[in-house]
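The values are calculated or read from the model by the stated rules, or taken from the named source; none is laboratory data. This one's a predicted model, so the numbers in the text were calculated from it and none came from an experiment. With ideal geometry, Cβ positions are generated from the backbone for all residues, glycine too; neighbour counts draw on all protein chains shown. With ligands, DNA and RNA removed, areas are computed over all heavy atoms of the protein, side chains included. Shrake-Rupley method; radii C 1.70, N 1.55, O 1.52, S 1.80 Å.
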Amino acid sequence: MRATVKYRLVFLVLMLCSFFLGVQLTPASLTSHADKLTLGIISALYFVLLPLCYWYCIIKMGAQKLWKIIVIFSLSSLVARLSFPAEIAHYFEFVAWLRYPIIAVLLVIQLYLIVSVARGLIKVRKLKGDPRVGAVETYRDGDDKSLTIALIMASEATNWFYSIPWFSRHHPPVIANINLVSATRWHVWLMLIGCVGASSLSYVLLASWSEWVAIIVSSIIAYTLMSIVANHRLSRYYSLYFMRDNLVINNSLWGFMVISMADIASVTHQESIELNKDQAETIMIGRGQCNVIITLNRAVIYHGGMGQLPEPMKTVYLSVDSPQRFIQALNNSRVTVAE
């Protein structure tokens, strides 16, 4: 597990524990000095400690933008509004008014999904590869914001492209497969069952508050069924392939790399590789023992978080089912590009 992922998990656990303990220990009213002291400590936990931890674990260690710290302040304000004593909670009343723009945003998202589905179906009919690869090729050396937006726009077409076999019938042939958990049958069935359960549960929990919101939220969750199928097919059948002068590495639908052949310094095969998971600009993809090392001439972006968490990498460790075939195909392609 990479250091950045560890920091994200550490923050997630800390946030969940803080909110759970904070809600349990928050006094019902401020009738004594002890109650005020307890509430003060909880407030410091919500609005000082958690934002500092978010800044260090997510923004600094994960090399993310500073404006994203607003996420943890918003969550803390929401928890405070729902759990603090009435005489204090009314200061967070602005959070309650957020439900109206939230409903509006959900409606917009629903309409956007309808439009994007139609556009995605039209775009993927004649595609011969992952739409995200074209976005990376276009903005690889340009504006990061443009690339981020391009990847967001390409995500819908990507889901349709990989979820329906007929759309991906012209996909470039794979040269090997990465050993991924998401490529297994039990994983996809577990995810499908969980998605259906989450969609049903969200409707039951929200129906008493708003029937419309319950329908919208449950339908958005159910819509991720397509992404689950796309994630499985991508992991199982299209994890490693060539597209134009690039090597495409898919770490399921979650993360991918588009490496130009000119950026590959060397590729080697080893049955037993000593790994340093905390080494900078190094990523390991695949379960089990890694058996292929790709060394790059310059840092190439690994697009994690479905393209929204970019990280520069100079060394890539892979766990491949056919390492010799992969290395031979990669070397042959490098020679062809060089000529």
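Data for the structure
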| read-out | value |
| --- | --- |
| Any hit, the stretch 42-56, residues being among the β-branched types (V, I, T) and within 30 Å of the chain's Cα centre (by Cα) | yes |
| Qualifying residue in the stretch 307-327 (condition: free of Cβ contacts under 8 Å to residues at least 24 places away in the same chain and surrounded by fewer than 15 Cβ atoms within 10 Å (Cβ to Cβ)) | no |
| Residue check, V188 part of a helix (DSSP H, G or I) and either open to solvent by 30 Å² or more (accessible area, probe 1.4 Å) or polar (S, T, N, Q) (or both) | no |
| Index of the failed condition, I72 passing every other in (1) hydrophobic (A, V, I, L, M, F, W, C); (2) at pLDDT below 85; (3) open to solvent by 30 Å² or more (accessible area, probe 1.4 Å) | (3) |
| Residue within the stretch 7-29 that is open to solvent by 40 Å² or more (accessible area, probe 1.4 Å) and not in a helix (DSSP H, G or I) present | yes |
| Cβ-Cβ under 7 Å pairs, at least 6 apart or on other chains, the stretch 20-46 side without any contact (Cβ under 8 Å) to a residue 60 or more places away in the chain and within 14 Å of S76 (Cα to Cα), far side among the β-branched types (V, I, T) and in a helix (DSSP H, G or I) | T26/I42; L39/I88; Y46/V79 |
| Any chance A89 is at pLDDT 80 or above and part of a helix (DSSP H, G or I) | no |
| Flag for G194 being farther than 30 Å from W67 by Cα, at pLDDT below 75 and in a helix (DSSP H, G or I) | no |
